[in-house]
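A short worksheet on the structure shown next.
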Amino acid sequence: MAGRSNKAEEMSENRSWLSIHSLLSGDAAARVALIGLPMGRDSISPGRCDLAPDVIRTTLKRMSVYDLETQTDLSRLTIFDGGNADIAELGYAAALEPAAHAVRAQTGRRALTILLGGDNAITRPGVHGLDPTLKNVGVLTLDAHFDLRDTDGGLNNGNPIQALLEDGLPGAHISQVGLAPFANTRKAHGKAKAAGISIRTISECHQNGLVPIVREELDRLSGLCDRIYVDFDIDVIERAQMPAAPGARAGGISAREFFAASRAIAAHAKVACVDLVEFDPSTDVNAIGALTAARWVAEIFAGFLTR
């Protein structure tokens with residue numbers, strides 16, 4: 001580790017500098033893993049979220065390992081890159097087991113596993129991969145939507161939380177933060193309340209701060225669960241700052257708040273798996289979405305280093 005840092009200090013930066021992409025490796029002993037789950041060709045909002053894992057990896061080449069604001073240096077961190085699970089051509093139901101298996105292969109041996117979606121349908125296999133019993137896991141979502149659409153018409157990126165409830169995940173083990181007005185239905189709200197889900201609206205986030213609310217929910221889940229899964233739906237961000245998220249709305253949280261919450265979440269000892277979903281590279285504008293997603297990865301790494 002020290003050798004890599006010293007080499008980075010000596011290297012001329014005229015042509016290249018150490019990027020976060022440089023941290024990705026095949027080191028089986030790494031405490032952090034990153035894998036892609038390229039689902040999304042059958043999303044409710046047609047698009048190409050399945051392209052996101054590779055786009056994010058490429059964009060990591062533009063991210064330095066050094067955060068000057070906190071003087072955090074990520075160069076000593078090694079990340080196991082497990083590539084992309086072979087699920088891009090599968091339907092949501094057929095992808096459940098292979099995707100969960102890919103996640104389970106990493107969560108069983110790493111302190112933190114990072115999943116690059118893909119649309120929000122990856123959250124269900126992600127949670128199953130972390131805890132197949134669904135009894136000892138808590139789920140925190142940063143999302144403008146409940147994702148509680150009915151499953152009678154099949155699985156999609158609008159019902160992973162509903163599917164998890166039907167699979168047996170206790171509603172009390174779910175916290176949903178950033179829920180937006182005029183983006184959800186009365187029926188979904190009623191389902192969430194009936195299930196005992198903790199509901200935190202976007203207005204609460206604006207009034208009280210996203211990071212304090214996230215910490216409250218992590219503390220709540222920690223009292224109920226051994227491990228925590230966090231779903232970062234990038235459409236919780238203000239649409240003007242995240243135009244490449246099909247479900248993003250005006251009035252969402254700022255990208256800066258999103259990054260701060262990401263770092264705080266990754267610092268929590270019980271957070272064992274996180275995902276980033278609903279980034280659609282085919283609708284990106286001037287790489288805003290790609291750079292936002294890559295910065296999210298950097299913040300997750302930085303938060304993890306504080307454990």
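Being at pLDDT 95 or above and aliphatic (A, V, I, L, M), is that true of even one residue in region 8-16? No, the conditions are met nowhere in region 8-16. One residue alone among G129, G154, G158, G178 is at pLDDT 95 or above and farther than 20 Å from G252 by Cα, and that residue is G129.
Yes/no per residue for (1) among the hydrophobic types (A, V, I, L, M, F, W, C); (2) in a strand (DSSP E or B); (3) touching a residue at least 40 places away in the same chain (Cβ under 8 Å):
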residue: R15; (1), (2), (3): no, no, no
residue: A30; (1), (2), (3): yes, no, yes
residue: E97; (1), (2), (3): no, no, no
residue: Q106; (1), (2), (3): no, no, yes
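Being closer than 15 Å to G82 by Cα and in contact with a helix residue (DSSP H, G or I) (Cβ under 7 Å, 6 or more places away or on another chain) is the filter here; which residues of region 25-56 pass it?
V32, A33, I35, G36, L37, P38, I56
When A264, A255, A260 are checked against the criterion of being of a type outside the set (D, E, K, R), within 20 Å of I199 (Cα to Cα), touching a helix residue (DSSP H, G or I) at 6+ places or on another chain (Cβ under 9 Å) and surrounded by fewer than 24 Cβ atoms within 10 Å (Cβ to Cβ), a single residue qualifies: A264.
All of (1) at pLDDT 90 or above; (2) farther than 22 Å from L130 by Cα; (3) surrounded by 20 or more Cβ atoms within 10 Å (Cβ to Cβ) hold for F80 with one exception: (2). Exactly one residue among T123, T113, T58, T70 is among the polar types (S, T, N, Q), more than 27 Å from D226 (Cα to Cα) and not in a loop (DSSP other than H, G, I, E, B), and that residue is T58. Within region 154-208, if we keep just the residues that are in a helix (DSSP H, G or I) and among the basic types (K, R), the residue that is surrounded by the most Cβ atoms within 10 Å (Cβ to Cβ) turns out to be K191. Within region 198-208, identify whether any single residue is aliphatic (A, V, I, L, M) and within 17 Å of the chain's Cα centre (by Cα), and answer yes or no. The answer is no; no qualifying residue exists. Looking only at residues that are aliphatic (A, V, I, L, M) and in a loop (DSSP other than H, G, I, E, B) in region 32-55, which one is surrounded by the most Cβ atoms within 10 Å (Cβ to Cβ)? Ranking the candidates gives M39 first.
The values are calculated or read from the model by the stated rules, or taken from the named source; none is laboratory data. Here the structure is a predicted model, which means the values were calculated and not measured. Every residue, glycine as well, gets a Cβ built from its backbone with ideal geometry; the counts of neighbours run over all protein chains shown.
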